[in-house]
């Protein structure tokens, strides 16, 4: 009888841990999704594939995409990428990349983030595909 009670208690503890971990993971995913929305980024899910905006020079697009993906790993790398390759990219793609940079650099250098954001906002018309993102971020970076 003692062994049976031990097994029942152990099963109860394991079930409690299992459901507790699932609840924690769900809550964490909800908070991360809300944080992405607050930062002006689209929600991250399987049905929301990233949209490729026009503005990348077709002759260099494959190489530029590869280097851009590598540069998105750090603030300094993305800043250097923008300095080096911005002549090959036009709006709205350039504005989208610069807004990514604003979000990254805003944590360490708010002045630089505001400067870049002001430049993006100045040249983004209401008809641009990135205008909604600019509007969402304007509360933070103006």
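Throughout, read-outs are computed from the coordinates displayed, never taken from laboratory work. The structure displayed is predicted, hence computed values, not measured ones. No Cβ is skipped: glycine too gets one built from the backbone with ideal geometry, and neighbour counts run over all protein chains shown.
Suppose the chain between residue 16 and residue 70 were pulled fully straight at 0.36 nm per residue; how much longer would it get relative to their current alpha carbon spacing?
Details: separation 54, 0.36 × 54 = 19.44 nm, distance 4.20 nm.
The residue 16-residue 70 span can extend by a further 15.2 nm.
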> Roughly what would the spin-label model give for residue 52 and residue 80, points 7 Å off Cα along C-beta, in nm?
Replying inline: 2.6 nm
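Going highest first, how would you order 131-137, 52-58 by mean Cβ packing within 10 Å?
Numbers: 131-137: 16.7, 52-58: 13.6.
Descending packing order for the listed peptides: 131-137, 52-58.
Per residue, what volume in Å³ does the convex hull of the Cα atoms of the chain enclose?
Details: hull volume 23.0 nm³, N = 142.
Looking at the chain, the number lands at 162 Å³ per residue.
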>> Given contacts defined as C-alpha pairs under 8 Å and at least six residues apart, what's the relative contact order of the chain, whole-number percent?
In response: 19 percent
